[in-house]
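In what follows, a structure is listed as structure tokens, so that the remarks can point back to it.
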Amino acid sequence: MVIFDEASQCFAERGIPAIARAKQIVVAGDQQQLRPGDFFQTRWEEETEEADAEVESLLDLASRHLLTL
């Protein structure tokens, strides 16, 4: 089991490898918290035509594609 706390501050692409290996996941966070920050890092960004496929945080990804309780 993998537990992500403060998922609104985690980039989605950083959590996906752990999600792929886990049998169960728990994603917890608050939409009102700070967004992920990459002040000292570079992040690969690709222009896409489909805006729906783009998410910023792990919490956004989970709220779109996983069961929420």
(message) I want the local charge near G29. Using Cβ-Cβ distances under 13 Å, sum +1 for each Lys or Arg and -1 for each Asp or Glu among the other residues.
(response) -4
(request) Provide the solvent-accessible area of S63, counting protein heavy atoms only and rolling a 1.4 Å probe, rounded to the nearest 10 Å². (result) 60
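The values are calculated or read from the model by the stated rules, or taken from the named source; none is laboratory data. All values derive from a computational prediction rather than experimental measurement. Cβ sites come from the backbone with ideal geometry, for glycine too, and all protein chains shown count toward neighbours. Heads up: the accessible areas ignore ligands, DNA and RNA and are worked out on the full protein's heavy atoms, side chains in. Shrake-Rupley method; radii C 1.70, N 1.55, O 1.52, S 1.80 Å.
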